[in-house]
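Trainee: Sharing a structure here in structure tokens format.
The values are calculated or read from the model by the stated rules, or taken from the named source; none is laboratory data. Just so it is clear, the model here is predicted, and its values are computed rather than measured. FYI the Cβ positions are ideal-geometry reconstructions off the backbone, even for glycines, and counts take in every protein chain you see.
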Ligand code: AMP
């Protein structure tokens, strides 16, 4: 019988910690260095099941922390049971629909498994296969790849999965959309019956639940309720403003002493640096926080923000979750996110522990569609605090944002905007 755990991404209870889940010290150290202070809801649900050797069916989108939800139990089990690798064989296989996602997953395995001496190999198309074959010749602990190239190396026996102990199928519904099902069936047929498997999918169309039935054995099902609800204690305002007017609007708002502790979100790391610098020039104490800063610099910024030494933290979506600072009076969306769920995560940094909070969105002409998406998701129409809501904004399709990299794609190997989004953070 399938056991179901349903969680919501906007609430994480503090009881479960990574240390309480029993991870090896080197993994805990890596989690700490990455700024992961407590598990996200999908991690809370999936990690104990994974550590117990159970199969997992995760219904969750990217952005929920699902990578660590499947990577950490695999790493922990490998740490506890080191094996000599057979030539061309792997102990774990992770399939992802795009090269970018596969590379990101591989990087996470390397990051969290840094102290474990494991051999991780990325096998994706678009680059030469010789280097991949050479790396596989030594045998691998973990292979992360896209289905086409994985099947290619399996066909030439440069990748052997007959003794694979761990199998993960990530973003299964996207795999279906991209026409990867035949390749996936081939891979699954070559796996040994005795293995631990996990499958993650944002949605569950019939074909995917059919696949899950064949792939998973008595799985623990972890469903993350969609991140649509915003806490009612947050007053949500929007200012309609030209892109060029955002800088002075922010400075004038921050002159209001009721902005005791504010997080300002930008879409890009460069944007965060720029806005923090501009605020400092206006004599408003501000620090940037984003993925380009080293862990020490990030921690320093966060500590200064927590202590009140710095009044404004200017951050990318890196800080949209996991950051738990009490007394954040305002969240300012200097630039609206292109994914409405990110807005919900961002504004959830205020009104914590029963407090009240204010969310202020700046919306320029290129962001009207993002605003529509956000209001549709949350079901809340923001109060217009400045400017006028353009009448034509309703129902407008999202404009392509200038910092989204869009490349020409072949039908079977498409890129998608998620990759650009993750680069932006
Ligand atoms: P994912 O859904 O795995 O792509 O993760 C989304 C983002 O959340 C990534 O930037 C992760 O680094 C980050 N993340 C995942 N788990 C945690 C956590 N427990 N605490 C803080 N950030 C996390």
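Trainee: In the list 251, 272, 287, which residue meets the criterion of being modelled with pLDDT of 95 or more, under 19 Å from residue 347 (Cα atoms) and away from the ligand (no atom under 16 Å from the Cβ)?
Mentor: Numbers: 251 fails: under 19 Å from residue 347 (Cα atoms); 272 fails: away from the ligand (no atom under 16 Å from the Cβ).
Answer to the selection: 287.
The rows are residues; the columns are (1) part of a helix (DSSP H, G or I); (2) touching a residue at least 40 places away in the same chain (Cβ under 8 Å).
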site	(1), (2)
277	yes, no
283	no, no
291	no, yes
327	no, yes
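Trainee: Return yes when residue 101 is part of a helix (DSSP H, G or I), modelled with pLDDT under 90 and in contact with a helix residue (DSSP H, G or I) (Cβ under 9 Å, 6 or more places away or on another chain) and no when it is not. Let's see the steps before the verdict.
Mentor: Numbers: part of a helix (DSSP H, G or I): yes; modelled with pLDDT under 90: yes; in contact with a helix residue (DSSP H, G or I) (Cβ under 9 Å, 6 or more places away or on another chain): yes.
The answer is yes for residue 101.
Trainee: Residue check: is residue 144 touching a helix residue (DSSP H, G or I) at 6+ places or on another chain (Cβ under 9 Å), at pLDDT 95 or above, closer than 21 Å to residue 183 by Cβ and assigned by TED's automatic domain parsing to the domain that holds residue 202? Write out each step before concluding.
Mentor: Details: touching a helix residue (DSSP H, G or I) at 6+ places or on another chain (Cβ under 9 Å): yes; at pLDDT 95 or above: yes; closer than 21 Å to residue 183 by Cβ: yes; assigned by TED's automatic domain parsing to the domain that holds residue 202: yes.
Yes, satisfied.
Trainee: Then there is this: Suppose we keep only residues that are more than 23 Å from the chain's Cα centre (by Cα) and at pLDDT 95 or above within the stretch 121-137. Which one would you say is surrounded by the fewest Cβ atoms within 10 Å (Cβ to Cβ)?
Mentor: Looking at the filtered set, the residue picked out is 130.
Per-residue answers, yes or no, for (1) farther than 27 Å from residue 344 by Cα; (2) out of contact with any helix residue (DSSP H, G or I) (no Cβ under 6 Å at 6 or more places or on another chain); (3) modelled with pLDDT under 85:
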{"residue": "14", "(1), (2), (3)": "no, yes, yes"}
{"residue": "21", "(1), (2), (3)": "yes, no, no"}
{"residue": "58", "(1), (2), (3)": "no, no, no"}
{"residue": "83", "(1), (2), (3)": "yes, yes, yes"}
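Trainee: Then there is this: How about the stretch 14-28: which of its residues are farther than 18 Å from residue 220 by Cβ, in a loop (DSSP other than H, G, I, E, B) and more than 13 Å from the ligand (Cβ to nearest atom)?
Mentor: Correct list: 15, 24.
Trainee: Another question about this same structure. From the set of residues in the stretch 29-44 that are closer than 15 Å to residue 19 by Cβ and not in a loop (DSSP other than H, G, I, E, B), which is farthest from the ligand (Cβ to nearest atom)?
Mentor: Filtering first and then ranking leaves 29.
Trainee: Kindly provide the set of residues from the stretch 332-370 that are assigned to a strand (DSSP E or B) and within 20 Å of residue 276 (Cβ to Cβ), ordered by number. It would help to see each step written out before you state the result.
Mentor: Applying the first criterion (assigned to a strand (DSSP E or B)) to the stretch 332-370 yields 332-333, 357-363.
Hits for the stretch 332-370 are 332, 333, 359, 360, 361, 362.
Trainee: Further question on the same structure: Filter the stretch 142-168 down to the residues that are within 24 Å of the chain's Cα centre (by Cα) and not in a helix (DSSP H, G or I) and list them by number.
Mentor: Selection gives 142, 143, 144, 145, 146, 166, 167, 168.
Trainee: I'm told residue 318 meets every condition in (1) touching a strand residue (DSSP E or B) at 6+ places or on another chain (Cβ under 6 Å); (2) assigned to a helix (DSSP H, G or I) except one. Can you identify the failing condition by its number?
Mentor: (1)
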